[in-house]
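Notes follow the structure.
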Amino acid sequence: MARTAKLFAVSLYEQLRLVSHPGHWSTLVQQSKPFSSHSDRDHIQAALAWLCRAHDACGGQGVSAGYFLRRGWMPAYPETTGYIIPTFLACRSLEPSLEDRACRMGNWEIEVQLPSGAVRGGIGLNAYPIVFNTGQVILGWTSLFRHTKDERYLSAAMRAADWLVDAQDPDGKWVRSTYLEAPRAYHSRVAWPLLEVFDLSGDERYRKSALAFIEWLLPQQLDNGFFPHMALVPDEVPITHTISYTLRGLLECARLLGPSGTHAKQAVQQSINEIMERHPTIGQTGYLAGALDSGWQARASHMCLTGNAQLALVLLTLSADSEDSMARAARTLIDRLKTHHPLNRRHPGIRGGLPSSHPIRGAYVPHAILNWGTKFLVDALWQASTLETRQAPSQRAC
C-alpha cells in the first residue's frame, strides 16, 4: 500500500508540474505551430547556451541529461557528457569558455570512472557498467587528448578500452554489461572509439576488437540494407535514434580503417539509399517517422527529432559536396529541425534545447528536452556549415 501511494503521489506531482508552469504550458500549446527559424549560427549559439545551462545545472561537472517538463533538470548523464566534449571542442571558436567546460567534463568523467575502467550506466552515478556508455565517454577522452596532449585522458581511454576488449564475446558482439543483456547493432559506436584509441596508442588489441565486431555485424545486413539488433529493446521496432547510431558508427569505423573499411561504408550507403527511396519526404519536407521496421516502413506517428539530427549527420558525412543529393536532403532535415527548436522562450530549460519528439508528447522520451538531441543538432548545423572545408580529426564532433 505504501509503495502504491508513493507511486500515485509521484505521478500526481509530475502531472501537475507538466501543466502548471507557464513556460511548460506555452510549449505544450504551441506544438502545432512551427517556431520561427533563424540563421544556422543563431541556432548553434542558442543550443550551445542551453548545453552550458545543462552543465551548470549539475555544478559544472557532468551535463544534465536534460530538462524534463515533469521533473525539471535531471542529474548528470556520464554517457552523453562524454560525447558532448568533442562538440564543445569543435565549437570553441564561437565561445571560448567551451574549451574549459570540455576539460572539466573530461576530468569529472575520470573522477567517476569505475575501478574496472568502465563507465557507469544510466542517468546519475550508478554502480553498474554499460558497454555502450563506455564507448561514448572514450570519444570525449580521445578528443581531449588530441587537443591538450594531457596523458590523463589517454590513460582513462585505454583503461576503458581494455575493459571493453575483456567484455567482448568471442564472436565479436557485446552482450555482457549491455542494456537488457542483448547484442546491439549500434555497438558500431563502441567499435569506433576503440579504433580512436588504437589510432592514438598503436595497441593492436583495440583494432582487432573493433574489426571483430564489424565482422559480426556486416553479414547480418538484410538485402534491403536493414540491420537486425538496432532496437533499444530486443524484437521491438528500432527508432531513428538507434538506426542513426548504427550507421554513424559504421561510417566512422570506415574512416579510421581506411581501405579495409570500404565494406562498412558500402553497407551504410545501401541502408541510406533504401531509406531515401522509401521516404522521399526526407528530401522534400524534412519529415521522417520516429521508428522504422525491417522493411524500412514507418511505425510511428511522431518524429524523433534526435534521430533526424543524427540522420542529417550521416547524410552529410556521405556527401561529396554541399550540392549533392545527400547534402540537400540533410539540409532539408536541418531546416525542419530548426522550426522545432525554440530560440525565444523565456524558460531556461526550454530556450535553445531540442525537444526529444515532435509532438513533444511523442513516444520517444515524452515531454523532455534532451542533452544528446541538442548536441546532435549542433553537430549537424556545424558540419553543414563546414562541408566544403572538411574538418581535421581534432575538430570533429562525435
Next on the checklist: If you average 1/r across every pair of different Cα atoms in the chain and take the reciprocal, what Kirkwood value do you get, in Å?
Outcome noted: 21.1
Item to check | Proxy reagent accessibility, fewest Cβ within 10 Å first, across Arg101, Arg361 | outcome: Arg361, Arg101
Item to check | Total lysine pairs under 19 Å (Cα atoms) in the chain, excluding pairs fewer than 8 apart on one chain | outcome: 4
Checklist entry - For Asp324 and Tyr287, what does the FRET efficiency come to when R0 = 22 Å and r is the distance between their Cβ atoms, rounded to the nearest 0.05? => result 0.60
Checklist entry - Length gain on complete extension for the stretch Asp203 to Gln61, per 0.36 nm per residue less the alpha carbon to alpha carbon distance? => result 48.1 nm
Checklist entry - Once you list every other residue whose beta carbon is under 10 Å from the beta carbon of Val237, what net charge do they have if Lys and Arg are +1 and Asp and Glu are -1? => result -2
Checklist outcome for this item: Answer check: the range 192-344, Cα atoms, Kirkwood Rh, Rg/Rh ratio of 0.99
Checklist outcome for this item: Distance in Å, no decimals, from the C-alpha centre of the range 203-233 to the one of the range 314-361 is 28
Checklist entry - Do the sum for the chain: with -39,500 (n - 2.57) for every DSSP H run of n ≥ 4, divided by all residues, what is the mean residue ellipticity at 222 nm, to the nearest 500 deg cm²/dmol? => result -18000 deg cm²/dmol
Checklist entry - Which stretch or stretches of the range 220-242 have amide N atoms under 15 Å from the point lying 7 Å from Leu180's Cα along the Cα→Cβ direction? => result 228-242
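Since every read-out is calculated from the coordinates, none of them should be taken as a lab result. This is a predicted model, so every value here is computed, not measured. Here the Cβ is made from the backbone with ideal geometry for all residues, glycine too, and neighbour counts use every protein chain on show.
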